[in-house]
1. Among 4, 72, what is the fewest-to-most ranking by other Cβ atoms within 10 Å?
2. GNM on the chain, C-alpha springs below 10 Å: top fluctuator among 99, 12, 34?
3. In whole Hz and in residue order, list the ³J(HN,Hα) couplings for the stretch 36-43 that follow from phi through the Karplus curve 6.51 cos²θ - 1.76 cosθ + 1.60, θ = phi - 60°; x for Gly and Pro.
4. Sort 50, 6 so that the residue with the fewest other Cβ atoms within 10 Å of its own Cβ comes first and the one with the most comes last.
5. Calculated from DSSP H runs of 4 or more alone, at -39500 (n - 2.57) each and per residue, what is the 222 nm mean residue ellipticity of the chain, nearest 500?
Amino acid sequence: MLDKEVPVPGTYHLVEANPQGPVEVFMAPIAGLYDPVSYTANAIDVAVFVLVIGGFLMVVTRTGAIDAGIAKIMTGLKGRENLMIPILMAFFAAGGTIYGMAEESLAFYASSFR
């Protein structure tokens, strides 16, 4: 059975208000990535990883390398172009299974809305 936090009846109580000023509101996203007080990395490693890999894939997409590769495969599939969908699905599924490719596909979402 999975352990999860659940509310305990009768434990609700009011807490003192903690209003935030403009500086705290501005620093909140930064503190979520990297705590400037304790110098502790929170989610910055994931955020930078997504940005770098997403940027790399966008550069590759903008150079036309991916489009050229897909066009080459489509030429080989002449008359059976509908097989391209399962081929790409298998490619991305293998990438997700073998080395956890999930964030890396973000660049393709942006390019699909052109």
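1. 4, 72
2. In this elastic network of the chain, the residue with the biggest mean-square fluctuation among 99, 12, 34 is 12.
3. 3J(HN,Hα) across the stretch 36-43, in whole Hz: x, 7, 9, 6, 9, 7, 9, 10.
4. The order, fewest Cβ neighbours first, is 6, 50.
5. So the calculated ellipticity at 222 nm is -18500 deg cm²/dmol.
FYI, it's all coordinate maths here, none of it is from the lab. A quick note: this is a predicted structure, and the numbers were derived from the prediction, not measured. Positions of Cβ are generated from backbone atoms using ideal geometry, with glycine treated the same way; all protein chains shown enter the neighbour counts.
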